[in-house]
Amino acid sequence: MLAYYCHLALRSFRRHRVLTALMVLAIALGIGASMTMLTVLHNLSGNPLPTRSAVLFHPQVDPRPARLPGADPEPPDDLTWQDAVNLYALPGATRRVLTSTNWLPTRADAPGSALAMMDTRATTADMFAMFGVPFVYGTGWSQADDEQRALVVVLTRSLNDTLFGGADSVGRTLVIATKVFRVVGVVEDWNPQPRFYDLGSGAFSEPAKLYMPFFTWLDLPQDYGYGPMACWDHGDGTHDPKAPNCTWAQFWVQLDDATQVAAYRQRLENYSAQQHQLGRFQRAPNVRVRGLLEWLDYKRVVPSLVRMQAWIALGVLLVCLVNAVGLLVSKFSRKAGEVGVRRALGASRRAVFIQCLVEAGLIGLAGGLLGAPLAWLGLWMVRQQPVPYAAQVGLDAPMLGFALLTAMVAALAAGVWPAWRAARIAPALQVKSL
Amino acid sequence: MSPIDSIRPIVRALRSHRAAALLLALEIALTLAVLCNLMFIVAGNLQRARTPTGTDEADIAVIQSIGVIGEDNPGTAGSNLATLQSVPGVAAAAFGAPPLWRVDRAALFASPDAEQPLARPYLLNGSQGLNRTLGTRVIQGRDLQDAELPGLMSTFGDTSGGSADTRQFPALLTQALAEQLYPTQSALGKVLYTNMWGTPISLRVVGVIAPLRAAITGHPDDAMAVVTEFKVAGEGLGGGYMLRSQPGQLAQVLPLAAKALQQANPGHVQQMVKTMAQLREDTFRGDTALNRMLAGIMVILLTVTALGVGGLASFWVQQRTRQIGIRRALGATRTDILRYFQIENFLIVGAGVVAGALLAFALNQWLMQRFELERLSAVPVLIAVVAMWLLGQLAVLGPALRAAAIPPVVATRST
């Protein structure tokens with residue numbers, strides 16, 4: 001029966017070529033425009049590490065004084081130096097990473113090489129395994145390297161291309177902040193978006209060019225800043241990373257299941273209580289252990305204009321739907337004579353209704369098929385824009401399927417009322433007028 | 001025939017096409033509501049991108065020059081400024097950052113131990129000459145004078161003690177900030193407390209200046225700013241060095257200045273050399289991209305609506321072929337038929353735009369609550385109403401011309 005309906009629908013398309021083309025085009029434009037915007041939103045609000053996000057957590061403690069004018073009840077995002085060191089030593093996490101960002105003057109060690117400031121990520125040994133950063137050459141450094149403040153560095157592929165022409169540079173050396181570092185590994189240009197691990201220095205900004213051991217970095221001969229620092233209490237010497245009233249270090253842990261999370265939370269509470277007893281913390285334990293996605297949500301990472309785009313997309317889709325309803329009404333009304341004959345020959349209302357819906361669905365499918373390349377074109381145009389997140393925007397298979405499904409469902413929904421109208425056509429009346 | 005007489009039968013005829021007419025009006029209304037709000041967002045973005053900072057933007061540039069320890073850096077902050085000022089065409093130079101370049105905000109307090117800040121304006125701080133480089137215009141009181149500035153090292157180098165009162169800086173407030181802080185009296189001579197780089201300081205207001213926006217976000221507090229200076233001399237300072245050229249000479253002067261500064265500090269890395277025009281472009285890059293996207297969406301919306309209106313109109317014409325033939329046979333001219341469809345479309349679109357305008361304001365109300373959008377003004381709505389009317393007339397023109405071309409003889413045919 002369905003094949004027959006499809007056949008009828010195709011015949012109808014041939015008879016009303018222009019009207020059918022108009023409807024397909026209207027649905028395609030609506031689907032193309034709304035899918036473009038929804039894909040941008042999907043990419044930006046997306047999960048930066050889909051395979052690992054469930055086990056990555058962001059612990060927070062509250063070292064601020066009890067009385068602080070205008071203080072947020074939420075604990076600070078980052079850790080102070082003292083808490084960073086203490087929590088790094090705290091057991092209970094499968095893996096943990098202490099990290100911060102910086103610019104460091106870097107040059108190849110060949111004489112006369114140009115000096116340039118490089119975006120650097122200072123981090124601890126677990127980072128590469130914990131965040132799943134893929135290596136091109138070599139490996140990361142070890143925990144022993146961290147402890148010994150070893151002068152080792154991991155480059156990104158693009159920096160390795162610039163400095164060493166893309167060759168396996170493991171064992172080669174670089175001059176960073178006047179010290180000689182040995183390359184131990186080269187990683188891919190890894191840049192999950194949003195850049196969850198350090199939102200303070202930009203959620204959609206450029207990735208680091210090189211990675212070096214956290215404690216080695218703190219031992220460098222000069223202060224190059226320690227990433228965005230948040231201080232309270234107008235204390236002295238706030239540019240000292242070891243100041244007790246400044247937070248600047250990002251801390252992440254891997255916790256494999258709910259019991260581990262609960263146990264870790266308890267450890268943080270105990271730690272806070274202990275620090276309270278020691279007189280370092282003045283507040284009652286105020287800890288958070290947010291999962292990666294919860295953290296992104298808390299930090300409201302997705303730009304509000306992008307969230308607004310999703311509503312605009314829905315508006316556009318709605319206009320297209322109403323448009324499709326109007327066109328379907330006119331299309332089915334034109335078939336009044338044909339429907340009348342079929343009814344007179346014994347077709348049930350249900351059969352007419354289903355046949356009209358099949359026709360609407362086929363139009364939706366055609367609209368969706370045409371809309372997908374339009375969405376692809378739209379996303380290509382978005383990628384041409386010089387905005388930091390543009391490079392991330394792309395159409396993946398699930399999104400494509402979603403677009404087609406949306407087109408079909410939209411066209412079917414639009415077809416219900418016109419089809420119902422068509423099915424109501426009385427057989428006798430129409431036959432009489434022929 | 002008066003216009004009313006020609007409208008009445010059209011309205012009556014519309015009743016028998018309620019469904020189609022309603023759909024058309026609904027589509028017009030929805031399109032209008034979405035279109036108005038999109039236009040409003042784009043207009044807001046464009047307006048923000050044109051908001052002046054209040055400085056001599058065309059002639060100001062910044063060189064970010066970062067020192068590397070262990071490299072050869074004979075230049076001091078004082079000698080760097082002298083180097084810049086000696087470049088031909090440089091009118092003024094200072095150590096510090098211009099607006100649109102990550103200017104920090106500072107909480108201002110009424111007393112050193114106050115807990116509630118009075119305001120959180122932008123704090124533009126830099127070396128002597130910052131006000132001259134920015135081109136601040138004093139409208140009350142006087143400008144900052146180099147002789148009264150505290151030294152950078154003597155203020156911040158010694159962190160061992162002293163109260164905020166002993167670390168006092170002369171300051172300029174923008175008029176917006178002065179009026180918010182002191183609505184009934186003059187701001188001149190008042191003392192405010194804040195902190196700079198984590199050190200508590202006090203500010204003595206010596207002048208009120210014309211609007212100076214350190215950031216352009218669209219919030220009213222963009223125009224709230226404090227300008228203050230400290231004296232630099234022998235410090236080795238890396239960071240932003242700002243310069244203002246003689247009018248219109250920035251393009252020639254900036255490369256020379258960057259080269260001179262690099263020669264004075266061979267061990268410095270010039271991380272960024274940018275004019276304020278470039279900073280402005282960077283700032284609004286995202287807005288520009290969004291505007292382009294929204295403009296594309298608007299074109300698509302209008303196209304879809306035009307297709308819908310045209311499609312429905314052509315269906316009507318076809319459905320009424322016989323009636324049109326009868327009217328033609330009874331003496332109606334082609335112009336009468338054409339006008340009939342145009343008036344009909346005008347009425348339907350009219351109903352649509354009235355509903356759409358109401359819907360537009362309702363949608364804007366919701367967007368205001370959710371996304372802190374501003375209140376929709378009448379202008380974009382009026383523009384969109386006219387656009388929809390024109391669009392409707394254009395979309396119906398083809399089918400109406402076809403209707404007018406129907407010969408009277410079809411009245412005698414059966415279908």
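The values are calculated or read from the model by the stated rules, or taken from the named source; none is laboratory data. Just so we're clear, the structure is a prediction, and the values are computed from it rather than from any experiment. Here the Cβ positions follow ideal geometry from the backbone for every residue, glycine too, while neighbour counts run over all protein chains shown. Surface accessibility is based on the protein's heavy atoms, side chains included, excluding ligands, DNA and RNA. Shrake-Rupley method; radii C 1.70, N 1.55, O 1.52, S 1.80 Å.
Would you confirm whether any residue within the stretch B:49-60 is in contact with an Asp or Glu (Cβ under 8 Å, 6 or more places away or on another chain), closer than 24 Å to A:G202 by Cβ and more than 9 Å from every other protein chain (Cβ to nearest Cβ)? Steps first, answer last, please.
Residues of the stretch B:49-60 in contact with an Asp or Glu (Cβ under 8 Å, 6 or more places away or on another chain): B:49, B:51.
If we keep only those that are closer than 24 Å to A:G202 by Cβ as well, we get B:49, B:51.
Retained after the next criterion (residues that are more than 9 Å from every other protein chain (Cβ to nearest Cβ)): B:49, B:51.
Scanning the stretch B:49-60 turns up at least one residue that is in contact with an Asp or Glu (Cβ under 8 Å, 6 or more places away or on another chain), closer than 24 Å to A:G202 by Cβ and more than 9 Å from every other protein chain (Cβ to nearest Cβ).
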Can you find, within the stretch A:254-270, the residue that is farthest from A:P75 (Cα to Cα) among those that are out of contact with any helix residue (DSSP H, G or I) (no Cβ under 7 Å at 6 or more places or on another chain) and open to solvent by less than 10 Å² (accessible area, probe 1.4 Å)? A:Y264
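Output the residues belonging to the stretch A:389-434 that are β-branched (V, I, T), at pLDDT below 75 and over 24 Å from B:R322 (Cα atoms). First the steps, then the outcome.
Going residue by residue through the stretch A:389-434, those that are β-branched (V, I, T) are A:393, A:406, A:409, A:416, A:425, A:431.
Pick out the ones that are also at pLDDT below 75 and you get A:393, A:431.
Listed by number, the list holds a single entry, A:V393.
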Inside the stretch A:7-45, can you point out the residues that are open to solvent by less than 40 Å² (accessible area, probe 1.4 Å), more than 11 Å from chain B (Cβ to nearest Cβ) and within 30 Å of B:S314 (Cβ to Cβ)? A:L8, A:A9, A:S12, A:F13, A:M35
The one condition in (1) touching a Pro at 6+ places or on another chain (Cβ under 7 Å); (2) farther than 30 Å from B:A20 by Cβ; (3) within 14 Å of chain A (Cβ to nearest Cβ) that B:P266 fails to fulfil: (1)
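Among the residues that make up the stretch A:198-214, is at least one of them of a type outside the set (F, W, Y), part of a loop (DSSP other than H, G, I, E, B) and modelled with pLDDT of 85 or more?
Residues of the stretch A:198-214 of a type outside the set (F, W, Y): A:198-203, A:205-210, A:212-213.
With part of a loop (DSSP other than H, G, I, E, B) added as a condition, the list becomes A:202-203, A:205-209.
If we keep only those that are modelled with pLDDT of 85 or more too, we end up with A:208-209.
So far as the stretch A:198-214 goes, yes, one or more of its residues are of a type outside the set (F, W, Y), part of a loop (DSSP other than H, G, I, E, B) and modelled with pLDDT of 85 or more.
So for the stretch A:295-303 (the condition being within 14 Å of chain B (Cβ to nearest Cβ), hydrophobic (A, V, I, L, M, F, W, C) and surrounded by 17 or more Cβ atoms within 10 Å (Cβ to Cβ)), does at least one residue qualify?
The first filter runs over the stretch A:295-303 and keeps only residues within 14 Å of chain B (Cβ to nearest Cβ), leaving A:300, A:302-303.
After this cut, where a residue has to be hydrophobic (A, V, I, L, M, F, W, C) as well, the list is A:302.
Applying the additional criterion that residues be surrounded by 17 or more Cβ atoms within 10 Å (Cβ to Cβ) yields A:302.
Taking every residue of the stretch A:295-303 in turn, at least one turns out to be within 14 Å of chain B (Cβ to nearest Cβ), hydrophobic (A, V, I, L, M, F, W, C) and surrounded by 17 or more Cβ atoms within 10 Å (Cβ to Cβ).
Specify which of the listed residues (B:L177, B:L181) is more than 24 Å from B:T133 (Cβ to Cβ), modelled with pLDDT of 85 or more and among the aliphatic types (A, V, I, L, M).
Numbers: B:L177 fails: more than 24 Å from B:T133 (Cβ to Cβ).
Sole residue among the options that is more than 24 Å from B:T133 (Cβ to Cβ), modelled with pLDDT of 85 or more and among the aliphatic types (A, V, I, L, M): B:L181.
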Which one is nearest to B:P399 (Cα to Cα) among residues in the stretch B:318-354 that are crowded, with 22+ Cβ neighbours inside 10 Å and within 12 Å of chain A (Cβ to nearest Cβ)? B:I348
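Do we find that B:P255 is surrounded by fewer than 22 Cβ atoms within 10 Å (Cβ to Cβ), part of a loop (DSSP other than H, G, I, E, B) and in contact with a strand residue (DSSP E or B) (Cβ under 9 Å, 6 or more places away or on another chain) in this structure?
Values: surrounded by fewer than 22 Cβ atoms within 10 Å (Cβ to Cβ): yes; part of a loop (DSSP other than H, G, I, E, B): no; in contact with a strand residue (DSSP E or B) (Cβ under 9 Å, 6 or more places away or on another chain): yes.
So B:P255 does not fit the description; no.
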Scan the stretch B:81-104 and tell me whether some residue there is farther than 30 Å from B:A313 by Cα, in a loop (DSSP other than H, G, I, E, B), under 31 Å from the mean Cα position of the chain (by Cα) and within 14 Å of chain A (Cβ to nearest Cβ). yes
So B:V227 ticks every box in (1) out of contact with any strand residue (DSSP E or B) (no Cβ under 6 Å at 6 or more places or on another chain); (2) open to solvent by less than 10 Å² (accessible area, probe 1.4 Å) but one. Which box is left unticked? (1)
B:H219 vs (1) touching a residue at least 12 places away in the same chain (Cβ under 8 Å); (2) within 14 Å of chain A (Cβ to nearest Cβ); (3) not polar (S, T, N, Q): all pass except (1)
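Name the one entry in A:A203, A:A208, A:A230 that is farther than 30 Å from B:M153 by Cα, of a type in the set (A, V, I, L, M) and within 14 Å of chain B (Cβ to nearest Cβ).
Numbers: A:A208 fails: within 14 Å of chain B (Cβ to nearest Cβ); A:A230 fails: farther than 30 Å from B:M153 by Cα.
Of the residues listed, the single one that is farther than 30 Å from B:M153 by Cα, of a type in the set (A, V, I, L, M) and within 14 Å of chain B (Cβ to nearest Cβ) is A:A203.
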Looking at B:L367, B:L359, B:L390, B:L373 in this structure, which one is loosely packed, with under 14 Cβ neighbours inside 10 Å and either more than 13 Å from chain A (Cβ to nearest Cβ) or in contact with a helix residue (DSSP H, G or I) (Cβ under 8 Å, 6 or more places away or on another chain) (or both)? B:L390
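Is it the case that some residue within the stretch B:252-262 is within 14 Å of chain A (Cβ to nearest Cβ) and of a type outside the set (A, V, I, L, M, F, W, C)?
Filtering the stretch B:252-262 down to residues within 14 Å of chain A (Cβ to nearest Cβ) leaves B:262.
Subsequent filtering for residues that are of a type outside the set (A, V, I, L, M, F, W, C) retains B:262.
Yes, because at least one residue in the stretch B:252-262 is within 14 Å of chain A (Cβ to nearest Cβ) and of a type outside the set (A, V, I, L, M, F, W, C).
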Is it the case that the stretch B:264-282 has a residue that's surrounded by fewer than 18 Cβ atoms within 10 Å (Cβ to Cβ), closer than 30 Å to B:L30 by Cα and not aliphatic (A, V, I, L, M)? no
Please determine whether any residue of the stretch A:330-351 is facing chain B (nearest Cβ under 8 Å), in a helix (DSSP H, G or I), open to solvent by less than 20 Å² (accessible area, probe 1.4 Å) and not acidic (D, E). yes
Quick test of your reading of the structure: A:D219 fulfils all but one of (1) open to solvent by 30 Å² or more (accessible area, probe 1.4 Å); (2) more than 14 Å from every other protein chain (Cβ to nearest Cβ); (3) of a type outside the set (V, I, T). Name the failing condition by number. (2)
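Among the listed residues A:R172, A:R195, A:R157, identify the single one that is out of contact with any strand residue (DSSP E or B) (no Cβ under 6 Å at 6 or more places or on another chain) and either more than 14 Å from every other protein chain (Cβ to nearest Cβ) or modelled with pLDDT of 90 or more (or both).
On the way: A:R172 fails: out of contact with any strand residue (DSSP E or B) (no Cβ under 6 Å at 6 or more places or on another chain); A:R157 fails: out of contact with any strand residue (DSSP E or B) (no Cβ under 6 Å at 6 or more places or on another chain).
Of A:R172, A:R195, A:R157, the one residue that is out of contact with any strand residue (DSSP E or B) (no Cβ under 6 Å at 6 or more places or on another chain) and either more than 14 Å from every other protein chain (Cβ to nearest Cβ) or modelled with pLDDT of 90 or more (or both) is A:R195.
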Filter result (under 28 Å from the mean Cα position of the chain (by Cα) and either under 26 Å from A:L218 (Cβ atoms) or open to solvent by less than 70 Å² (accessible area, probe 1.4 Å) (or both)) within the stretch A:154-170: A:V154, A:L155, A:T156, A:S158, A:L159, A:N160
Quick check on my filter: what residues within the stretch B:274-303 are touching a residue at least 60 places away in the same chain (Cβ under 8 Å), among the aliphatic types (A, V, I, L, M) and more than 9 Å from chain A (Cβ to nearest Cβ)? B:M276, B:A277, B:L279, B:A295, B:M298, B:L302
Per the list (1) in a helix (DSSP H, G or I); (2) under 30 Å from the mean Cα position of the chain (by Cα), residue check on B:Q263 breaks on (2)
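Which of the following residues is farther than 18 Å from B:G267 by Cα and either surrounded by 17 or more Cβ atoms within 10 Å (Cβ to Cβ) or of a type in the set (S, T, Y) (or both): B:G67, B:G75, B:G129? Walk me through how you get there before you give the answer.
Numbers: B:G67 fails: farther than 18 Å from B:G267 by Cα; B:G75 fails: farther than 18 Å from B:G267 by Cα.
One residue alone meets the criteria, B:G129.
Among strands (runs of 3 or more DSSP E) lying entirely in the stretch B:164-223, which contain 3 or more residues that are of a type in the set (A, V, I, L, M, F, W, C), closer than 25 Å to B:S154 by Cβ and open to solvent by less than 10 Å² (accessible area, probe 1.4 Å)? Walk me through it before giving the result.
Values: elements: B:168-174, B:191-196, B:199-209.
Fully inside the stretch B:164-223 and qualifying: B:168-174, B:199-209.
Against the definition (closer than 21 Å to A:L41 by Cα and either open to solvent by 50 Å² or more (accessible area, probe 1.4 Å) or not in a helix (DSSP H, G or I) (or both)), how does A:L318 come out, yes or no?
Working: closer than 21 Å to A:L41 by Cα: yes; either open to solvent by 50 Å² or more (accessible area, probe 1.4 Å) or not in a helix (DSSP H, G or I) (or both): yes.
So A:L318 fits the description; yes.
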